[in-house]
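Here is the structure we will look at, set down as structure tokens.
The values are calculated or read from the model by the stated rules, or taken from the named source; none is laboratory data. Note that this is a predicted model, so its numbers are computed, not measured. With ideal geometry, Cβ positions are generated from the backbone for all residues, glycine too; neighbour counts draw on all protein chains shown. SASA here: full protein model, heavy atoms, side chains in, ligands and nucleic acids out. Shrake-Rupley method; radii C 1.70, N 1.55, O 1.52, S 1.80 Å.
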Amino acid sequence: MIYIDISMKREIVIIIPTYNAREGIVENILKIQKEVSQAQIIIVDDSSPDKTAALVRSKFKADNRVLVVVRKEKGGRGSAVIAGLREGLKIKEAKYFIEMDADLCHDPKYIKQLVQKGKKADVIIASRYLPESKITGWNLKRKLMSFSINTLAKLLLQIPISDYTDGFRCYSRKAVEFITTHEVKSRGYIVLSEIAYICYKKGLSFGEVPIAFHFAHNVAL
């Protein structure tokens, strides 16, 4: 069993990029707060037409643990996460920076495990491809596509990880200070491989935890 003092103030920062994410976002935030009550949650919304940002602000207007950052146009997941990480760096006591999806594909119950392992490494990936991991909700075509992309990334990049494209990660402050100086070139979920690669080339340390991933509405590969 993992024991973490969840009363610690804002040592954990959680970045959630959103675009048309009204469905599930409020439930996700509430689940996160149940797991890590004092975490600072930063929603980075790319001016969603479905008014995701307005919904979050309305539901959590009296809760300073939830910050909404709105960008003028859709700039992609990678730059949204980096914008959130830069905001998170303003919190002096922040030590662990989590990025995750908005739509409940990433279960907040794994946050404590990511943080626990993050005490020993700079980049911790919630992996769908460890022996103990599980994927549900995908058809065979999507499973084959994801497996193929990850296999190709492993052959090309040679990073000692099993999952190159899942956006549920924990970064150390040192990793974030480095990542935020980088201008991402990739789009979509391939940016996750790019960030992993630059961290690996920098000499940052990696770790993984197995997760049960349930596909909802996102397009993670």
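Quick check: at a probe of 1.4 Å, how many percent of the accessible area of region 114-174 sits on carbon and sulfur atoms? Reported share for carbon and sulfur atoms: 62 percent. Dipole magnitude for the chain: about 220 debye, using +1 per Lys or Arg Cβ and -1 per Asp or Glu Cβ, origin at the Cα centre.
Residue-wise HN-Hα couplings along region 68-77, as the Karplus relation 6.51 cos²θ - 1.76 cosθ + 1.60 with θ = phi - 60° gives them from phi, are 10, 10, 10, 9, 5, 8, 6, x, x, 4 Hz; Gly and Pro carry x. Amide H to amide H, with H built 1.01 Å from N, residue 122 comes under 5 Å of 205, 206, counting only residues 5 or more places away or on other chains. Shown here: region 102-175, whose C-alpha atoms stretch 36, 30, 23 Å along the first, second and third principal axes, sorted largest to smallest.
Computed as a quarter of the hull surface, the mean projected area of the alpha carbon convex hull for region 78-120 stands at 3.6 nm².
Springs between Cα atoms under 10 Å define the GNM used for the chain, and in it the highest mean-square fluctuation of 38, 116, 158 occurs at 158. Our note on the geometry: Cα centres of region 54-112 and region 162-214, 16 Å apart. Under a model in which nothing but the beta-carbon of Lys, Arg (+1) and Asp, Glu (-1) is charged, region 117-221 shows a dipole of about 60 debye around its Cα centre. For the chain, the pair-distance distribution built from all alpha carbon pairs, in bins 10 Å wide starting at 0, is 8, 36, 39, 15, 1 percent.
Sequentially through region 154-171, phi angles give Karplus couplings (6.51, -1.76, 1.60; θ = phi - 60°) of 5, 5, 7, 9, 6, 8, x, 9, 9, 10, 8, 10, 8, x, 10, 9, 10, 10 Hz, Gly and Pro residues having no value and appearing as x.
For region 126-194, the solvent-accessible area works out to 53 Å² per residue, with a probe of 1.4 Å and every protein chain left in place. Picking from 106, 62, 89, whose Cα lies most toward the positive end of the charge dipole for region 37-120 (charges on Cβ: Lys, Arg +1; Asp, Glu -1)? So the residue we want is 89.
Ranking 177, 194, 87 from most to least accessible surface, computed with a 1.4 Å probe over the protein chains only, gives 177, 87, 194.
Annotation: amide H of residue 70 within the under-5 Å range of 45, sequence separation 5 or more or interchain, hydrogens built in the peptide plane. Expressed in units of 2.2 N^0.38 Å, where N is the residue count, the Cα radius of gyration of region 126-213 is 1.10. As an equivalent ellipsoid, region 59-136 spans semi-axes of 24, 17, 14 angstrom, where each value is the square root of five times an eigenvalue of the C-alpha gyration tensor, largest first.
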